[in-house]
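The values are calculated or read from the model by the stated rules, or taken from the named source; none is laboratory data. The structure displayed is predicted, hence computed values, not measured ones. Using ideal geometry, Cβ is built from the backbone for each residue, glycine included, and neighbour counts are taken over all protein chains shown. Each accessible area value is taken on the protein alone, full model and side chains, heavy atoms only, with ligands, DNA and RNA left out. Shrake-Rupley method; radii C 1.70, N 1.55, O 1.52, S 1.80 Å.
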Protein chains: 2
Amino acid sequence: MSDHDQSPHLTASSSNSNSGDALPPVGEHARQYETVRNAHETELIEDYVELIGDLIQHRGEARAADIATRMGVSQATVSKMIRRLNELGLVTSKPYRSLFLTEEGQKMAETSRARHDIVLHFLRALGVNDHTARIDAEGMEHHVSNETLSIMQRFIDEQTRR
Amino acid sequence: MSDHDQSPHLTASSSNSNSGDALPPVGEHARQYETVRNAHETELIEDYVELIGDLIQHRGEARAADIATRMGVSQATVSKMIRRLNELGLVTSKPYRSLFLTEEGQKMAETSRARHDIVLHFLRALGVNDHTARIDAEGMEHHVSNETLSIMQRFIDEQTRR
DNA sequence: CAAATAGTTTAGCCTTGGCTAACAATGATA
DNA sequence: TATCATTGTTAGCCAAGGCTAAACTATTTG
């Protein structure tokens, strides 16, 4: 039935020089998309936690209003999100008071920040202009595996050690 | 969470040497997040269209069942999505028949495919292993600006011309 | 210290993108 | 040709992440 399987299709448009042309085997292909879907679920969470960590570090505290303006989102949305972060054990908050990260939240914030920094520095080291690099980094950071991250780090090191 | 994970992270420390540490100005910061949110809206659409294009090219036709197994998603979900693509003028479909891309759909498929390929080749040229590169590329492709894309292309060219 | 302003939360709505279950059409084949 | 497996569609559910409007709390200030 579903075993149309991988028909051996010789790269019809051979002009493109590579092995990436053929469709991946079904199972693998599905797993790729699944990975992306999963990343999407955690992405926003990580962005919030990272931002909260940054605000605490640079401003001394994280207030819902600041999060809202920095995220470009309504305060109501932030409030709802904070409830979720609370349920997930990432922040603690008393009503009408400012937020704190739990231990787990702090770990997540640090990891996210580190990843973000590597991607951003990498893009700049590659030659991407600062403004673009920031935007791209914000989107890319959640989709870069640790393997790729460490290769990026190596690239940065080589580049700057020169 | 991320399944393809292992390496240690002694790295972040070294990256404290820069201007990226301070929070960006509020407006700019908000615009970064907005860009990501917008990307999210088109991402899935592009993935479907790209996949449909690939199926047509490699298999001669795109059937809902194949899309479902490749995406790792139920047929009902695909069916619903196809209706949306239809409304957006990206595909044409008669019930119970296989799909075709409109002209606009084809353009989108080509663009997506090209972007995807560049990112994938770039990662491989960087030294990322094929399997990881595929997964990362799938997630990253929608967040890479044209500027970065062309820098990646240049990098590939230099790398392979050696 | 009371009133105004600023900040936070809640209620209720909307859209997306998943799902399952039930039903409908197609096409192979007995 | 009648049956049945495969494929496609529809209905109806759910959670997430937006929004606005209204209610509530905290803080500033007259």
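Give the residue that is farthest from A:Gly60 (Cα to Cα), with candidates limited to residues of the range A:93-103 that are away from DNA strand C (no atom under 11 Å from the Cβ) and open to solvent by 70 Å² or more (accessible area, probe 1.4 Å). Show your work before the answer.
Residues of the range A:93-103 away from DNA strand C (no atom under 11 Å from the Cβ): A:100-103.
From what's left, open to solvent by 70 Å² or more (accessible area, probe 1.4 Å): A:100, A:103.
Values: A:Phe100: 10, A:Glu103: 17 Å.
Among those residues, the one meeting the criterion is A:Glu103.
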Original post:
How many residues, within the range B:116-151, are open to solvent by 10 Å² or more (accessible area, probe 1.4 Å), more than 7 Å from chain A (Cβ to nearest Cβ) and aliphatic (A, V, I, L, M)?
Top reply: 3
Subject >> Filter result for A:Lys80 (within 16 Å of DNA strand C (Cβ to nearest atom), outside any helix (DSSP H, G or I) and either away from chain B (no Cβ under 14 Å) or loosely packed, with under 14 Cβ neighbours inside 10 Å (or both)) >> reply: no
Subject >> Residues being in a helix (DSSP H, G or I), more than 8 Å from DNA strand C (Cβ to nearest atom) and either at the interface with chain B (Cβ under 7 Å from one of its Cβ atoms) or open to solvent by 40 Å² or more (accessible area, probe 1.4 Å) (or both) - total across the range A:48-76 >> reply: 8
Original post:
Would it be correct to say that A:Gln106 is open to solvent by 60 Å² or more (accessible area, probe 1.4 Å), modelled with pLDDT of 95 or more and either more than 8 Å from every other protein chain (Cβ to nearest Cβ) or farther than 30 Å from B:Ile56 by Cβ (or both)?
Top reply: yes
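Each row is one residue, and each column tells you yes or no for (1) of a type in the set (Gly, Ala, Ser); (2) touching a His at 6+ places or on another chain (Cβ under 6 Å); (3) more than 12 Å from DNA strand D (Cβ to nearest atom).
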position	(1), (2), (3)
A:Ile67	no, no, no
A:Ser74	yes, no, no
A:Ser79	yes, no, no
A:Thr102	no, no, yes
A:Gln106	no, no, yes
A:Arg113	no, no, yes
A:Leu123	no, no, yes
Original post:
Condition test on B:Ala76, is it over 14 Å from the mean Cα position of the chain (by Cα) and in contact (Cβ under 8 Å) with a residue 12 or more places away in the chain?
Top reply: no
